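S.K.: Below you'll find the structure I mean.
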Amino acid sequence: MRVVDEEDYPSTPGKVKVERSGAMSRHLHRCFASTGTMFLWALFLVALTATYFSVHSFVNNTSRYFAASWGGLHWERQIRASASPRRPPGSAEGAGLSVLVTGAAGFVGTHCSLALRKRGDGVVGLDNFNSYYDPSLKKARRALLSSHGVFVVEGDINDGRLLAKLFDVVPFTHVLHLAAQAGVRYAMENTASYVHSNVAGLVSLLEACKDADPQPAIVWASSSSVYGLNDRVPFSEAHRTDQPASLYAATKKAGEEITHTYNHIYGLSVTGLRFFTVYGPWGRPDMAYFSFTRNILQGKPITVYRGRDHVDLARDFTYIDDIVRGCLASLDTAGRSTGTGGKKRGPAPYRIYNLGNTSPVSVPRLVSILETYLRVKAKKSVIEMPGNGDVPFTHANISLAREQLGYKPTTSLEMGLKKFVRWYLSYYGYNRGTQGFKNL
Ligand SMILES: O=C(O)[C@H]1O[C@H](OP(=O)(O)OP(=O)(O)OC[C@H]2O[C@@H](n3ccc(=O)[nH]c3=O)[C@H](O)[C@@H]2O)[C@H](O)[C@@H](O)[C@@H]1O
């Protein structure tokens, strides 16, 4: 068994060990030899780590450069052309806006972009084409926009570099922020996507807006869902909105608070629009009117939720063209942001409006209107509303929007669904004669 020498013991930190001379010189020699070796090893490791990180960052940057779907002179030319207003000089409506529309390949985004383009404003779209619902519908919307001269950049609002570049290339006068993770019930399945888009993405966009010179005015999509458990009807902007019933609603409410902060600190002009169950052609397949239509045509059952005590659920369904008019009126009346160089130079407007239809319709009535237009009886399964974030009814008071934006919805659910069904049948190529369902 090996006898442990005194020198093998570690010294107590901070204390010097007194040693005998012979043993000491041996020890010193060993000690220097091992320190030198250790030093060389340490040097080698540092060099290795540094090499690793520089190669890694080079590979990262290079692959990001090659993978990026944006950038370059041609891309910048496309952005500038799309962003240029085309109103005739001296036109009564003024010089025209230059609007960045986020979520441009989405339902409301596409309609607003087209409407802006048609009246001569410049529009650049931004959309990440995620797969929350069929991306081919988003691509078809992009093709429609492109045929009207609207260029849509594929990118995410969380990409600060891309946003900075866009504001670098174009001095946007307005941002119409519609990109979001939508859907009330899906918020129970994929919580992270709501935080990613509706909270982190919003902050990323506001950061870019506050740094932009000039700062744009922002109009963005909040939601009727912020009224949550409020049971005073019709819902007015003055009612409480601190009792959300879903994570979706909570992120939209958070958005209202976050935008307020940016308005307060940086002088950004902000208008939040509380949309009430928007529907229409080119709509969202995840919404009830759309999925009911698909299932009814395919002979599949639909699930109709019912409230407590067998009370029907109801929504203040609002037709897309009415919403578009509300969005454009909001842009036109937005008022300027006041900040420059990331600093507030004076107070800027902060507004919130309900954009609804003011006439709630029950879900069973929605189904029966669809049955009439589709000429097919729905296979209904009526169940009690699960605790999934839904609220029993919505009903907008739109006095404020009427007064300040001139907002006046004109489309009944019957009229609006007729237009939707007509679009649906033509888009999916449904052939009544042969009862065939192409591409459904
Ligand atoms: O107003 C809003 O702010 C919200 O409107 C809709 O949310 P929601 O009103 O729940 O719209 P749908 O998903 O189309 O549902 C409409 C009604 O049909 C009911 N429904 C839905 C799905 C289903 O399978 N069965 C059913 O009875 C719902 O409970 C609800 O009462 C949108 O999906 C949200 O993105 C938007 O923010």
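S.K.: I'd like the full set of residues that are at pLDDT below 95 and open to solvent by 70 Å² or more (accessible area, probe 1.4 Å), limited to segment 409-432.
M.R.: Once the filter is applied, which keeps residues that are at pLDDT below 95 and open to solvent by 70 Å² or more (accessible area, probe 1.4 Å), segment 409-432 yields only 432.
S.K.: Counting just the residues of segment 277-315 that are among the β-branched types (Val, Ile, Thr) and open to solvent by 50 Å² or more (accessible area, probe 1.4 Å), which one comes out nearest to the ligand (Cβ to nearest atom)?
M.R.: 303
S.K.: Continuing with the same structure: How many of the residues making up segment 225-249 are touching a residue at least 24 places away in the same chain (Cβ under 8 Å), surrounded by fewer than 24 Cβ atoms within 10 Å (Cβ to Cβ) and within 13 Å of the ligand (Cβ to nearest atom)?
M.R.: Narrowing segment 225-249 to residues touching a residue at least 24 places away in the same chain (Cβ under 8 Å): 225-229, 233-237, 245-249.
Subset that is surrounded by fewer than 24 Cβ atoms within 10 Å (Cβ to Cβ): 228-229, 233-234, 236-237, 245-247.
Those left that are additionally within 13 Å of the ligand (Cβ to nearest atom): 228, 245-247.
Qualifying residue count for the region: 4.
S.K.: If I filter segment 377-408 down to residues being part of a helix (DSSP H, G or I) and touching a residue at least 24 places away in the same chain (Cβ under 8 Å), which single residue comes out as surrounded by the most Cβ atoms within 10 Å (Cβ to Cβ)?
M.R.: That would be 401.
S.K.: Now a separate question. Which pairs turn up if I take residues in segment 183-196 that are open to solvent by 80 Å² or more (accessible area, probe 1.4 Å) and look for partners that are part of a helix (DSSP H, G or I) with beta carbon separation below 8 Å, at least 6 apart in sequence or on another chain?
M.R.: Every condition considered, the pairs that remain are 188/247.
S.K.: Please indicate, with yes or no, whether at least one residue in segment 211-221 is assigned to a loop (DSSP other than H, G, I, E, B) and in contact with a His (Cβ under 7 Å, 6 or more places away or on another chain).
M.R.: Checking segment 211-221: at least one residue is assigned to a loop (DSSP other than H, G, I, E, B) and in contact with a His (Cβ under 7 Å, 6 or more places away or on another chain).
S.K.: Looking at residue 267 and the list (1) more than 12 Å from the ligand (Cβ to nearest atom); (2) under 20 Å from the mean Cα position of the chain (by Cα); (3) open to solvent by less than 20 Å² (accessible area, probe 1.4 Å), which single condition is not satisfied?
M.R.: (2)
S.K.: Let me ask something else. For segment 161-196, name all the residues that are within 12 Å of the ligand (Cβ to nearest atom) and under 11 Å from the mean Cα position of the chain (by Cα). Lay out the reasoning, then the answer.
M.R.: Step one: list which residues in segment 161-196 are within 12 Å of the ligand (Cβ to nearest atom), which gives 178, 180-187, 194.
178, 180, 181, 182, 194 - these are the residues of segment 161-196 that are within 12 Å of the ligand (Cβ to nearest atom) and under 11 Å from the mean Cα position of the chain (by Cα).
S.K.: Taking only segment 69-109 into account, find how many residues are hydrophobic (A, V, I, L, M, F, W, C), over 16 Å from residue 155 (Cα atoms) and either open to solvent by 60 Å² or more (accessible area, probe 1.4 Å) or in a strand (DSSP E or B) (or both).
M.R.: 4
S.K.: Restricting to segment 347-403, and then to whatever is touching a helix residue (DSSP H, G or I) at 6+ places or on another chain (Cβ under 7 Å) and basic (Lys, Arg), can you tell me which residue is nearest to residue 245 (Cα to Cα)?
M.R.: Among those residues, the one meeting the criterion is 380.
The values are calculated or read from the model by the stated rules, or taken from the named source; none is laboratory data. This is a predicted model, so every value here is computed, not measured. Virtual Cβ from ideal backbone geometry, glycine too; neighbours counted across all protein chains shown. These accessible areas exclude ligands, DNA and RNA; they are computed on the full protein's heavy atoms, side chains included. Shrake-Rupley method; radii C 1.70, N 1.55, O 1.52, S 1.80 Å.
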